[in-house]
Amino acid sequence: MTPFLITETTLSSSSSPLTSSLFSLRNPKKPNLLSSHLNCSIQDNASSSSLQTLTLESKKEIERGLQFQTGDSFFRHESAIGRDLGVLAASLYKKSKGNLRILDAMCGCGIRSLRYLVQAEADFVWANDANEEYRGIIVSNFENEVVRETEEGERRWVVTHSDANRVMAESYLKRDFFDLIDIDSFGSNSTFFRSAYDALKLDGLLYVTSTDGYSSGGHRPHHSLASYGAYVRPMPYSNEVGLRMLIGGAVRDASVLGYHVTPLFSYYSYHGPVFRVMLRVNRGKLPENKHYGFISYCTKCGNSQAFLWDQLGKICCLCGNEEVSHSTVVSGPLWTGPLHDTTYVTEMLSLAQQWKWAGTESDICIDLEKLLVTMIDESDPKLQFGYIKLDQVAKRAKINSPPLRVMMSALKKEGYAVSRSHIASNAIKTNCPMTVCTRIAKELQQL
């Protein structure tokens, strides 16, 4: 059995739970802001007269040079690239704005928060997790790498254990806003969107998550409708639909509050699966529902199309001579625009190379570099939503699947835009209709 050390501190009736159990919250420059904020945020954590802090001596992990322990918290090595992307985006924000305050609303063992502090050089990180048993591990990981406060007496980090929505709601009420909020939630819980918008500064970043691959596959359309306002049906590029469903839900809730969101990058990982999107939030609604509509897929010819709201009732496929076709499957409303911002992802790649996170021979550096390069290619505005798997092309053409690079080269020669997909390895994103892809594949087979 893994050994652990228990330290216990008895609380007086007048003290706040976090103040007495872990560290003093006094700040000579801001004596009331942080202590009053935390006192309100974590009152539920002190339901008993004493608080136990567990420091588990679990196996030490290393990620991007930082050593930490996971204890009994949920931790996935495969999510390291998702954390890389968050840190790169946070660092670019810090370089641009000069200041960086982060809320890690569901921090787990605290590795994301730690990386934001050390690698993105965040001025302040609020690490929150509802499970109080993780406190010892989180604090231990922080104390091994980061001082608790600067020489000027400014806090660098705080650890609390409260409901994420409550933390964000209280931050809004106290006008204590964040530059970046990271919500690494489970399933299709979209209840955090509105609280996050309220607690975020204008032009701030919101890093959201979904792990509901079942709904994105169109197997629970009423569930996706309840969570993200999108009725999703089965489509051959369901994992991209998952990203667009997540962005669409964020767009919907932002619009209600008078905000406009733009995706800076969108990332899918099959481990989980995990859908992660970094959004930039500003004031103003999406003009004329641009990039927020419906998508269709024709099971007969394989073509996909996007439709705006005023085209409802007129949706059909060209293969049906503009008549209503039972082969047309429609999902939405969801995000139909670009998944990535070309300029932003290019800056992320440049920073990754500067940090030696890309351009080296290690597997994780190669993976990150390939991902960012592919994201840049995917952000071509000529490319439409979705992707085409080459085995689908081969099945329709009744031939062997053509080599990906050969197919891409042939499409470019015909004047079509094309790129790889970061979601599926043997798939392409293109503005070429499936019917033309099938014809080109047949021609390649005859060469």
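The values are calculated or read from the model by the stated rules, or taken from the named source; none is laboratory data. Because the structure is predicted, anything quoted here is derived from the model rather than measured. All Cβ positions, glycine included, derive from the backbone under ideal geometry; neighbour counts span all protein chains shown. SASA here: full protein model, heavy atoms, side chains in, ligands and nucleic acids out. Shrake-Rupley method; radii C 1.70, N 1.55, O 1.52, S 1.80 Å.
Enumerate the pairs (first residue in the range 136-150 and within 12 Å of L66 (Cα to Cα); second residue anywhere and open to solvent by 10 Å² or more (accessible area, probe 1.4 Å) and part of a helix (DSSP H, G or I)) with beta-carbon separation below 8 Å, excluding pairs fewer than 6 apart on the same chain, so at least 6 apart or on different chains.
E145/V118; V146/V118
Just need a number here: residues in the range 384-404 that are open to solvent by 20 Å² or more (accessible area, probe 1.4 Å) and part of a loop (DSSP other than H, G, I, E, B).
Summing the residues that are open to solvent by 20 Å² or more (accessible area, probe 1.4 Å) and part of a loop (DSSP other than H, G, I, E, B) in the range 384-404 gives 6.
Report whether or not L372 is hydrophobic (A, V, I, L, M, F, W, C) and either open to solvent by 50 Å² or more (accessible area, probe 1.4 Å) or free of Cβ contacts under 8 Å to residues at least 40 places away in the same chain (or both).
yes
Is it true that E361 is modelled with pLDDT of 90 or more, charged (D, E, K, R) and within 20 Å of E78 (Cα to Cα)?
no
Only one of (1) among the small types (G, A, S); (2) loosely packed, with under 15 Cβ neighbours inside 10 Å; (3) more than 30 Å from Y297 (Cβ to Cβ) fails for A199. Which number is that?
Here A199 clears every test but (2).
Considering only the range 229-247, state which residues are in a helix (DSSP H, G or I), more than 19 Å from D182 (Cβ to Cβ) and in contact (Cβ under 8 Å) with a residue 60 or more places away in the chain.
Once the filter is applied, which keeps residues that are in a helix (DSSP H, G or I), more than 19 Å from D182 (Cβ to Cβ) and in contact (Cβ under 8 Å) with a residue 60 or more places away in the chain, the range 229-247 yields N239, E240, V241, R244, M245.
Residue by residue, here is whether (1) among the β-branched types (V, I, T); (2) outside the structural domain of D203 (by the TED database); (3) under 23 Å from V281 (Cβ atoms) holds:
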{"residue": "F142", "(1), (2), (3)": "no, no, no"}
{"residue": "V167", "(1), (2), (3)": "yes, no, yes"}
{"residue": "Y172", "(1), (2), (3)": "no, no, yes"}
{"residue": "F177", "(1), (2), (3)": "no, no, yes"}
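In the range 262-282, how many are within 25 Å of T430 (Cβ to Cβ) and not in a strand (DSSP E or B)?
Qualifying residue count, the range 262-282: 2.
Criterion first (within 23 Å of R276 (Cβ to Cβ) and either open to solvent by less than 10 Å² (accessible area, probe 1.4 Å) or among the aromatic types (F, W, Y) (or both)) does S113 satisfy it?
Here the answer is yes, as S113 does meet what is asked.
Just checking, how many residues over the range 71-92 are touching a strand residue (DSSP E or B) at 6+ places or on another chain (Cβ under 6 Å) and either farther than 18 Å from A120 by Cα or assigned to a strand (DSSP E or B) (or both)?
Counting residues in the range 71-92 that are touching a strand residue (DSSP E or B) at 6+ places or on another chain (Cβ under 6 Å) and either farther than 18 Å from A120 by Cα or assigned to a strand (DSSP E or B) (or both) gives 1.
Tell me which residues, restricted to the range 131-169, are surrounded by fewer than 22 Cβ atoms within 10 Å (Cβ to Cβ), within 14 Å of D72 (Cα to Cα) and of a type in the set (D, E, K, R).
E132, E133
Only one of (1) touching a residue at least 60 places away in the same chain (Cβ under 8 Å); (2) open to solvent by 10 Å² or more (accessible area, probe 1.4 Å); (3) hydrophobic (A, V, I, L, M, F, W, C) is not met by V118, so which one is it?
Of (1) touching a residue at least 60 places away in the same chain (Cβ under 8 Å); (2) open to solvent by 10 Å² or more (accessible area, probe 1.4 Å); (3) hydrophobic (A, V, I, L, M, F, W, C), only one is false for V118: (1).
With respect to the numbered conditions (1) outside any helix (DSSP H, G or I); (2) under 29 Å from I315 (Cα atoms); (3) modelled with pLDDT of 90 or more, which one is the sole condition not fulfilled by K285?
(3)
Of all residues being among the aliphatic types (A, V, I, L, M) and surrounded by 17 or more Cβ atoms within 10 Å (Cβ to Cβ) in the range 409-427, which is farthest from the chain's Cα centre (by Cα)? Just the residue, please.
Filtering the range 409-427 for residues that are among the aliphatic types (A, V, I, L, M) and surrounded by 17 or more Cβ atoms within 10 Å (Cβ to Cβ), the one farthest from the chain's Cα centre (by Cα) comes out as A410.
Just need a number here: residues in the range 374-383 that are in a helix (DSSP H, G or I), of a type outside the set (V, I, T) and in contact with a His (Cβ under 8 Å, 6 or more places away or on another chain).
Total satisfying the criteria: 2.
Check the range 226-234 and report whether any residue there is within 28 Å of K300 (Cβ to Cβ), within 18 Å of the chain's Cα centre (by Cα) and open to solvent by 40 Å² or more (accessible area, probe 1.4 Å).
No, the range 226-234 contains no residue that is within 28 Å of K300 (Cβ to Cβ), within 18 Å of the chain's Cα centre (by Cα) and open to solvent by 40 Å² or more (accessible area, probe 1.4 Å).
Name the residue that is modelled with the lowest pLDDT, counting only residues in the range 313-335 that are closer than 18 Å to G218 by Cβ and among the aliphatic types (A, V, I, L, M).
I315
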